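The values are calculated or read from the model by the stated rules, or taken from the named source; none is laboratory data. Please read all numbers here as calculations on a predicted model, not as lab measurements. Cβ placement follows ideal geometry from the backbone for every residue including glycine, while neighbour counts extend to all protein chains displayed.
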Amino acid sequence: MGLVLNGLDVEQLQQLSAQVQANPEAARSLNRWTARVRWLGGFKGRAYIRNHSFVVDEPADLVGQDEAPNAVEYVLGALGACLTVGFVLNATKRGIPLRNLEIALEGEIDNILTFLGLSQEGHPGYREIIVKAYVDADADEETLRAIWEETVVTSPVGNTLARPVTLRPELRRATAA
Amino acid sequence: MSASLNGVDLEALQQMLEEVRARPEAVQPRRWARFRWEEGLRGRVYIRNQSFTVDESVDRSGREAGLSALEYALGALGACLGLGFVFHATRRGIAVRNLEVALEGRIENLLRFLGFEGEGHPGYGEVIAKAYVDADADEETLQALWEETVATSPVGNTFTRPVALRTEIATVSGWWFRYSPEAEESASGSRGGMPC
């Protein structure tokens with residue numbers, strides 16, 4: 001194990017960069033991600049991804065049991081996590097030690113009534129998301145701002161949300177065994 | 001407990017819909033989340049009284065404690081479509097026995113995230129969502145329900161339309177981080193929950 005900065009092995013990080021640079025084709029497999037979600041009854045489901053899984057549920061006032069965050073909340077959390085991880089990566093690449101970092105998010109749904117079939121105006125997705133990062137690090141304000149800007153521009157979840165994604169939905173009828 | 005269908009209390013569902021119809025302005029359109037970095041490429045998301053770990057260090061060591069952010073986004077989309085389908089089916093009195101949604105997301109060019117130049121952006125360009133359903137209804141009814149589910153899905157619409165991201169950074173000193181997210185009272189409460 002080489003030099004560790006922000007909890008990351010710097011040598012390993014450089015190795016990864018060099019590997020990708022030498023053979024970008026090998027990294028193509030990283031472009032594909034998969035998940036499965038199984039319904040558990042009521043408004044509860046479990047997502048299965050690799051060797052992990054997580055529960056999605058509804059707050060108690062909507063017939064849910066509030067066992068877990070709901071889907072739109074997971075999206076907010078995923079965006080915050082993506083920006084944080086990107087910030088840590090970009091700061092570490094420049095050799096900047098971070099002491100603390102936290103991101104607060106607030107998303108505004110355009111018109112949730114359309115989901116319930118009670119309105120035809122607008123759509124039930126997020127219209128806007130406000131993201132505030134709080135950082136305590138050994139660098140001047142200007143440097144941190146530059147890292148933040150780079151992080152936002154190159155964020156996978158950020159780009160997924162900010163740009164229109166093509167959705168290919170399909171339904172198959174299965175029968176009980 | 002009143003009659004229930006698909007594990008959903010029908011009376012409570014009806015009551016919620018009537019309340020919303022009577023006072024649509026009472027539905028909270030905002031959602032909140034906070035993410036705190038822990039170490040390396042790992043941190044924890046805090047939402048209401050819930051929290052979960054996100055870990056990007058998908059490496060050979062197999063040490064990762066959680067899923068990556070891109071995977072959570074994919075799972076959220078699947079859950080929104082699956083639970084939305086149950087919601088619409090239940091409202092029509094259709095019994096669902098089993099339901100699963102399989103997803104595959106294709107990133108345009110993940111290398112951009114690592115700072116490499118190149119074509120495309122590092123977000124999902126396309127997501128394939130396949131629903132497998134076993135329910136008491138004919139094919140045509142189920143296809144119509146699915147179409148309605150996709151068209152009115154909160155996470156689905158968030159994906160297919162461009163969202164305005166307003167980002168901001170503030171430098172703070174160490175004391176700012178002394179309080180614990182777990183101990184904080186949630187600003188959002190529980191109001192405004194929907195199956196997505």
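Let me spell it out: the conditions are (1) farther than 27 Å from residue B:56 by Cα; (2) touching a His at 6+ places or on another chain (Cβ under 9 Å), and residue A:156 meets all of them except one. Which number is the exception?
Looking at each condition in turn, residue A:156 falls short on (1).
Quick one: would you say residue B:103 is under 30 Å from residue A:28 (Cα atoms) and under 15 Å from the mean Cα position of the chain (by Cα)?
yes
So residue A:76 fits all but one of (1) in contact with a helix residue (DSSP H, G or I) (Cβ under 7 Å, 6 or more places away or on another chain); (2) closer than 26 Å to residue B:112 by Cα; what number is the exception?
(1)
Being more than 15 Å from residue B:17 (Cα to Cα) and aromatic (Phe, Trp, Tyr) is the filter here; which residues of region B:78-95 pass it?
Once the filter is applied, which keeps residues that are more than 15 Å from residue B:17 (Cα to Cα) and aromatic (Phe, Trp, Tyr), region B:78-95 yields only B:85.
Taking the condition of being crowded, with 24+ Cβ neighbours inside 10 Å and assigned to a strand (DSSP E or B), how many residues in region B:104-130 meet it?
5
Just the residues that are within 9 Å of chain B (Cβ to nearest Cβ) and part of a helix (DSSP H, G or I), please, taken from region A:1-22.
Pass one, region A:1-22, residues within 9 Å of chain B (Cβ to nearest Cβ): A:4, A:6-9, A:12, A:16-17, A:20-21.
Those that are within 9 Å of chain B (Cβ to nearest Cβ) and part of a helix (DSSP H, G or I): A:12, A:16, A:17, A:20, A:21.
Grab the strands (runs of 3 or more DSSP E) fully contained in region A:23-111, keeping just those with 2 or more residues being in contact with a strand residue (DSSP E or B) (Cβ under 9 Å, 6 or more places away or on another chain) and aromatic (Phe, Trp, Tyr).
In region A:23-111, A:32-39 are the strands (runs of 3 or more DSSP E) which contain 2 or more residues that are in contact with a strand residue (DSSP E or B) (Cβ under 9 Å, 6 or more places away or on another chain) and aromatic (Phe, Trp, Tyr).
Name the residue, out of B:65, B:12, B:26, B:95, that is at pLDDT 85 or above and of a type in the set (A, V, I, L, M, F, W, C).
B:95
Conditions (1) within 19 Å of residue A:162 (Cα to Cα); (2) at pLDDT 90 or above; (3) at the interface with chain A (Cβ under 7 Å from one of its Cβ atoms), marked per residue:
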{"residue": "B:113", "(1), (2), (3)": "yes, no, yes"}
{"residue": "B:121", "(1), (2), (3)": "yes, yes, yes"}
{"residue": "B:129", "(1), (2), (3)": "no, yes, yes"}
{"residue": "B:140", "(1), (2), (3)": "no, yes, no"}
{"residue": "B:143", "(1), (2), (3)": "no, yes, yes"}
{"residue": "B:149", "(1), (2), (3)": "no, yes, no"}
{"residue": "B:155", "(1), (2), (3)": "yes, yes, yes"}
{"residue": "B:163", "(1), (2), (3)": "yes, yes, yes"}
{"residue": "B:172", "(1), (2), (3)": "no, no, yes"}
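Just wondering, is there one or more residues in region A:124-143 that are hydroxyl-bearing (Ser, Thr, Tyr) and over 18 Å from residue B:168 (Cβ atoms)?
no
Just one of B:25, B:11, B:71, B:19 is at the interface with chain A (Cβ under 7 Å from one of its Cβ atoms) and either among the charged types (D, E, K, R) or part of a loop (DSSP other than H, G, I, E, B) (or both); which is it?
B:71
Filter region B:82-95 for residues that are touching a strand residue (DSSP E or B) at 6+ places or on another chain (Cβ under 7 Å), more than 7 Å from every other protein chain (Cβ to nearest Cβ) and surrounded by 24 or more Cβ atoms within 10 Å (Cβ to Cβ) and give the result.
B:85, B:89
Among the residues of region A:100-128, which ones are modelled with pLDDT of 90 or more, more than 19 Å from the chain's Cα centre (by Cα) and facing chain B (nearest Cβ under 7 Å)?
Within region A:100-128, A:123, A:124 meet the criteria.
Quick one: residue A:89 ticks every box in (1) crowded, with 21+ Cβ neighbours inside 10 Å; (2) modelled with pLDDT of 90 or more; (3) not charged (D, E, K, R) except a single one, so which number is it?
Single failed check for residue A:89: (2).
Regarding residue B:31, is this residue of a type outside the set (Asp, Glu), buried (at least 16 other Cβ atoms within 10 Å of the Cβ), within 7 Å of chain A (Cβ to nearest Cβ) and closer than 24 Å to residue A:109 by Cβ?
Numbers: of a type outside the set (Asp, Glu): yes; buried (at least 16 other Cβ atoms within 10 Å of the Cβ): yes; within 7 Å of chain A (Cβ to nearest Cβ): yes; closer than 24 Å to residue A:109 by Cβ: yes.
For residue B:31, the condition - of a type outside the set (Asp, Glu), buried (at least 16 other Cβ atoms within 10 Å of the Cβ), within 7 Å of chain A (Cβ to nearest Cβ) and closer than 24 Å to residue A:109 by Cβ - is met.
Can you pull out every residue in region A:129-142 that is more than 7 Å from every other protein chain (Cβ to nearest Cβ) and at pLDDT 90 or above?
Once the filter is applied, which keeps residues that are more than 7 Å from every other protein chain (Cβ to nearest Cβ) and at pLDDT 90 or above, region A:129-142 yields A:137, A:139, A:140, A:142.
Among the residues of region A:134-170, write down those that are of a type in the set (Asp, Glu) and assigned to a helix (DSSP H, G or I).
Filtering region A:134-170 for residues of a type in the set (Asp, Glu) gives A:136, A:138, A:140-142, A:149-150, A:170.
If the condition is that a residue be of a type in the set (Asp, Glu) and assigned to a helix (DSSP H, G or I), then A:141, A:142, A:149, A:150 are the ones that fit.
Could you list all residues from region B:30-59 that are aliphatic (A, V, I, L, M), over 11 Å from residue A:73 (Cα atoms) and in contact with a helix residue (DSSP H, G or I) (Cβ under 7 Å, 6 or more places away or on another chain)?
B:41, B:54
Only one of these is touching a helix residue (DSSP H, G or I) at 6+ places or on another chain (Cβ under 6 Å), without any contact (Cβ under 8 Å) to a residue 12 or more places away in the chain and surrounded by fewer than 22 Cβ atoms within 10 Å (Cβ to Cβ): A:66, A:136. Name it.
A:66
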